[in-house]
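Have a look at the structure below before the remarks.
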Amino acid sequence: MANTIFKKIIDGEIPCYKVYEDDRVLAFLDIHPLSPGHTLVIPKEPAETLDALSADSAAAVGRVLPVVARAIQRATGAVAYNVLQNNGRIAHQEVLHVHFHIIPRFEDGLGLGITWKANEVNDPEGLLARILEHLDV
């Protein structure tokens with residue numbers, strides 16, 4: 001895995017405003033926030049995308065996300081929040097290390113703007129069958 005800015009933050013080479021840390025997860029304030037309290041939650045395991053992350057690290061991140069989200073809401077007074085996670089450049093992933101954005105939302109509109117363009121699925125049964133073929137649980 002590349003020596004990303006997140007790896008440098010994990011290794012202590014670059015400082016951050018640390019919100020939370022344990023042996024598997026680090027959460028810190030985003031340096032280019034969309035709103036006050038915008039926080040990144042990252043696994044310490046070096047994985048570029050969510051599908052490459054181990055089950056243990058994914059579970060650790062999953063345990064931390066609601067804890068950090070509650071703290072952000074209480075600290076900022078946010079009425080809501082988005083949790084955003086992108087995988088791959090075409091999905092707008094800028095840093096190739098798994099990371100989750102917790103983006104507080106406020107009545108004044110600060111936060112993430114989303115446009116959702118829904119589409120039709122031509123063969124949902126066939127798609128479901130193909131997905132189930134590859135489901136590894």
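Bear in mind these aren't lab numbers, they're just calculated from the coordinates by the rules spelled out. Quick caveat: nothing in here was measured; it's all calculated off a predicted structure. Cβ sites come from the backbone with ideal geometry, for glycine too, and all protein chains shown count toward neighbours.
For log10 I(q)/I(0) by the Debye sum over Cα atoms at q = 0.12, 0.14 Å⁻¹, one of (1) -0.41, -0.57; (2) -0.66, -0.75; (3) -0.56, -0.74 was computed from the structure I shared and the rest are decoys. Which label? Label of the calculated value: (3). Helix 55-76 axis versus longest C-alpha principal axis of the chain: approximately 50°, rounded to the nearest ten. For the range 127-137, putting each phi into the Karplus relation 6.51 cos²θ - 1.76 cosθ + 1.60 with θ = phi - 60° gives couplings of 4, 4, 4, 5, 5, 4, 4, 9, 6, 10, 10 Hz, in residue order, rounded to whole numbers and with x for Gly and Pro.
Annotation: the residues Phe106, Phe6, sorted from fewest to most other C-beta atoms within 10 Å of their own C-beta, follow the order Phe106, Phe6.
Distances between placed amide hydrogens fall under 5 Å for Lys44 paired with Val25, Leu26, all partners being 5 or more residues away or on another chain.
Between Glu125, Glu107, Glu48, the Gaussian network model of the chain with springs among Cα atoms under 10 angstrom shows the greatest mean-square fluctuation at Glu125.
Take 91-104, 19-32 and order them by the average number of nearby Cβ atoms within 10 Å per residue, most first; the result is 91-104, 19-32. One chain, two ends: Arg130 and Asp11. Fully extended at 0.36 nm per residue, the span grows by 38.8 nm beyond their Cα-Cα distance.
With K and R counted +1 and D and E -1, the other residues having a Cβ less than 11 Å from that of Thr39 yield a net charge of 0. Relative contact order of the range 5-112: 28 percent, from C-alpha pairs under 8 Å at least 6 residues apart in sequence.
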